[in-house]
Structures are given as structure tokens and as C-alpha cells.
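**Student:** There's a structure below that I have some questions on.
The values are calculated or read from the model by the stated rules, or taken from the named source; none is laboratory data. Keep in mind that this is a model prediction, so the values were computed, not measured. Just so you know, the surface numbers come from the protein's heavy atoms only, side chains and all, with ligands and any DNA or RNA stripped out. Shrake-Rupley method; radii C 1.70, N 1.55, O 1.52, S 1.80 Å.
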Amino acid sequence: YGGEEMSVILPDSAGEATFDVAEKIRKAIEALEMVYKDQALRVTVSIGLSSFPMDGSDPISLIGKADQALYESKHNGRNRVSRSVPYSG
């Protein structure tokens, strides 16, 4: 999406299925070991989720909700997946 942020669009996916995909991505990145100048590096990611139409019906609303959830992930310890609005379905 920009800078160090990215977006993943999952058509026909919502609720727990979306959360499960995000969690798989988070775990895969956490498990990676990269080497730079003979130094082993590990990274983690914080992920924010939003879903159409419950979190918004246009791109700006959906991005805003995902961004809000991303900051919730960062605020609550990083290396986690969060939603701005709990899924109820």
C-alpha cells in the first residue's frame, strides 16, 4: 500500500476465514530467518483487518478501518492480527 505497509485483498472471504489467512501470513513471516551481512535477522508483522461490507462500503472506509486495527495490533504488543470491529457472524 505504501512505505512499509501492504494490502491483501481476499475476494469472497470474511470473518474467521480472513483472520485465519492473516494469521498464517503472520506466522510464516515470523518463522523466516534472513541473513544480511552474515547476520541472522528475524522480523515480525502487525496486521489490521477490515471486511466489506461490515467495515465499510468503499476503499477509503475499508483502508481506514484496517489502519485503525493495525495500530491496535501495534499498541497491544505487535506481532499480532487485530480487527477494528469484532466479527459477529
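**Student:** Quick one: angle between helix 59-75 and the longest Cα principal axis of the chain, in degrees between 0 and 90, rounded to 10, please.
**Tutor:** 50 degrees
**Student:** Which of [x] 34, 29, 23; [y] 47, 25, 24; [z] 43, 27, 21 is the computed Cα extents along the principal axes in Å for the structure on display?
**Tutor:** For Cα extents along the principal axes in Å, the calculated option is [y].
**Student:** While we're on this one: So how do 19, 52 rank on accessible area, 1.4 Å probe, biggest first, that is with the largest at the start? Present the calculation step by step, with values, prior to reporting the outcome.
**Tutor:** Working: 19 55, 52 130 Å².
From most exposed to least exposed: 52, 19.
**Student:** Reachable lysines from residue 24, Cα under 28 Å, same-chain residues fewer than 8 places away excluded?
**Tutor:** Counting by Cα, and skipping residues close in sequence, residue 24 has these lysines nearby: 65, 74.
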